[in-house]
Amino acid sequence: MSLSLDEVRHIAKLARLELAGGELEATQAKLNGIFGLIEEMQAVNTDGVEPMSHPQELAQRLRADKVSETDRRAAFQAIAPQTEAGLYLVPQVIE
Amino acid sequence: MIDSSLKEIAAALRAKTVSAVELATDSLARIDAGNATINAFITVDRDGALAAARAADARLAAGSAGPLTGIPMAHKDVFCTEGVLTTCGSKMLSNFVSPYDAHVVTLLKAAGAVMVGKTNMDEFAMGSSNENSHFGPVRNPWNTDCVPGGSSGGSAAAVAARMVPMATGTDTGGSIRQPAALCGITGIKPTYGTVSRYGMIAYASSLDQGGAFARTAEDCALMLSAMSGHDPRDSTSLERDAEDYTRDLAQPLAGLRIGLPTEFFAEGMSDDVRAAVEAALAEYRKLGAVTVEVSLPNARLAIPAYYVIAPAEASSNLSRFDGVRYGHRAAEYGDLNDMYCKSRAQGFGAEVKLRILTGTYVLSHGYYDAYYIKAQKLRRLIAQDFAAAFEKCDVIAGPTSPTVAFGIGEKSSDPVQMYLSDIYTIAVNLAGLPGLAHPAGFGAGGLPVGLQLIGNYFGEARLLGVAHQFQQSTDWHARKPAV
């Protein structure tokens, strides 16, 4: 398998990563190296094998539906790039 | 005193031959002297350390001290520390002062351990050499032209250089065991779910596990006992009581069955590492253990499976860094999407971007089953291999890394070469088993070799006991670098 430059551009767009023109070819070459390594796993027959996500096969725990956190908005917003009147500011999205 | 065992330090604190403030001051002086060369620390918290040391001295005076009270330590910069810069080795978080403590940080604070600073690491714990840090590479105290291993390279180097007697780390594919081996110290990654991931900045959540670095297995046992236990804030934390990991330290090795995986002793291991590993196994046999051959036929698939699962989870986890709530935001941008793309392009380093892109691709429409699900099936096959092996043995032993520490810059241009350096450690994370690395001699260039011990689920106490018995009859763990 090998990724085209267009595919690399498309993945970068999905990942919200700007890739400068010069970075594109180098990234393509490295990704193709990595996928060369990954493709080794396709040779193995895994028919009937259950996928494993957690070694102890945990079920998700539920907690009681009650407030457990305190209001720490000021502390959390103190480290935000841009806030105003308790709101996070981003460029205008709706005209 | 920093070079003594944790038990000796604790005894000296109780005998008042040293105070916690004196220990913290000594640790800070050692960091001041060595960090310009080693670059093990990103942040040194002088005032916080001295305040914590004074509080520890008060506890010691009041008779309410525990085994770690007053002992200096360092946290890998992946752990959130309230009021202290927490960078994860990234430009993205180079201005992030955490508003809360990780669970591990809370537990070690409660134990009275004195944090002197935050250690350098590969950005977002992605790397095997510590060359991927925004804050520059960490240098191996045994040879400063060499890497310390990664991703917890700063913690390993700080303990090896005797700046602190213990440090935390995290291990997603070998990031505690490999740097412990390359720096000549002891490190343990417990069973997945033992140490809470709350406040531990996520890389690959189904594999990430916190653990301990110290000079010896006994010290690691004391530290791990203070770090473990159920935490409801981590949905994958196991509902088990905290354990005393020192309980098996005195257990003799007579009759211990050590499994040697054929696949780990095939080609790939360098001759110097092989010689040290064989000598360590001979020592184990002298102590009464027997070695048996076992097989992990799917172990070779661990690297491809890992480089699907870990990047997939990373691409999802790292989507939170969008320049809105915390972290880096580009100075100039057009619309919202442009702000995301530029902030992330500027905030993340090259290796992190590669893994996000790999993960985005394998999770994208039409590829999920072929990659992520396929890798999770291999994960089960690997776990089944270990289960079969543990029917024939009590612990598994082998190399930690195929070579001793390599040169800075030697592998950094080819990600695949770098990924292959984790061939012996990754399968353990995929299976979720505990693993430990301990000093086992020296190889080429006088650089340390680490033996890896792998235990069955919840076998940490036994693993630490096995390594402790080895350390009672060898002195590799007592050797220290000249730096």
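Got a sec to turn the phi values of region A:31-48 into Karplus ³J(HN,Hα) couplings, 6.51 cos²θ - 1.76 cosθ + 1.60 with θ = phi - 60°, whole Hz, x for Gly and Pro?
In residue order, the calculated couplings are 4, 5, x, 5, 5, x, 5, 5, 4, 3, 6, 5, 6, 8, 7, 10, 4, x Hz.
Using the number of other C-beta atoms within 10 angstrom as an exposure proxy, rank B:SER151, B:SER225 with the fewest first.
Fewest-to-most Cβ neighbours within 10 Å comes out as B:SER225, B:SER151.
Could you work out how far the C-alpha centroid of region B:238-309 sits from that of region A:46-95, in angstrom?
Measuring centre to centre over Cα atoms gives 38 Å.
Roughly how far apart, in whole Å, are the Cα centres of region B:383-423 and region B:142-205?
That distance is 15 Å.
Please give the calculated 222 nm ellipticity per residue for chain B, where each DSSP H segment of at least 4 residues contributes -39500 (n - 2.57) and the sum is spread over every residue; nearest 500 deg cm²/dmol?
-11500 deg cm²/dmol, from helical runs alone.
Can you sort B:TYR424, B:TYR333 by how many other beta carbons sit within 10 Å, fewest first?
B:TYR333, B:TYR424
Show me the ranking of peptides A:59-70, B:183-194 by mean Cβ neighbours inside 10 Å, starting with the highest.
Ranked from most to least packed, the peptides come out as B:183-194, A:59-70.
Just for the protein assembly as shown, what percent of DSSP beta bridges are antiparallel, to the closest 5?
70
Hey, can you grab everything whose amide H is under 5 Å from the amide H of B:THR43? Only 5+ residues off in sequence or another chain; H modelled, so Pro and N-termini drop out.
When sequence neighbours closer than 5 places are left aside, the close amide H contacts are B:LYS118.
Could you name the aspartates and glutamates whose alpha carbon sits less than 20 Å from that of B:LYS7, not counting residues in the same chain fewer than 8 places away?
By straight Cα distance, B:LYS7 reaches B:GLU22, B:ASP26, B:ASP57, B:GLU218, B:ASP219, B:GLU243, B:ASP244, B:ASP248, B:GLU460, B:ASP475.
What is the set of long-range amide H partners of B:VAL294 at a cut-off below 5 Å, with H atoms built 1.01 Å from backbone N?
Those qualifying (amide H under 5 Å, at least 5 residues apart or on another chain) are B:LEU260, B:THR262.
Given only helices, namely DSSP H runs of n ≥ 4 each adding -39500 (n - 2.57), what is the per-residue ellipticity at 222 nm of chain A, to the nearest 500 deg cm²/dmol?
My calculation for chain A gives -10500 deg cm²/dmol from helical runs alone.
Return the subset of A:LYS66/B:LYS353; B:LYS118/B:LYS480; B:LYS91/B:LYS374; B:LYS286/B:LYS411; B:LYS76/B:LYS374 for which the Cα-Cα distance in this structure is over 28 Å, preserving the input order.
A:LYS66/B:LYS353; B:LYS91/B:LYS374; B:LYS286/B:LYS411; B:LYS76/B:LYS374
Need the list of aspartates and glutamates near B:LYS109 for cross-linking: C-alpha distance under 13 angstrom, and skip anything on the same chain fewer than eight residues off.
Hits, sequence-local ones excluded: B:GLU82, B:ASP101.
Listing B:TRP476, B:TRP142 from the residue with the fewest other Cβ atoms within 10 Å to the one with the most, what is the order?
Exposure proxy ranking, most exposed first: B:TRP476, B:TRP142.
Which far-off residues, 5 or more places away or on another chain, put their amide H under 5 Å from the one on B:VAL84, with H placed in the peptide plane?
Result for B:VAL84 returns B:SER98.
Only the coordinates and a few stated rules stand behind these numbers; no lab work does. All of these numbers come straight from a predicted model, not from anything done at the bench. Cβ: placed from backbone, ideal geometry, glycine included. Neighbour counts: every protein chain shown.
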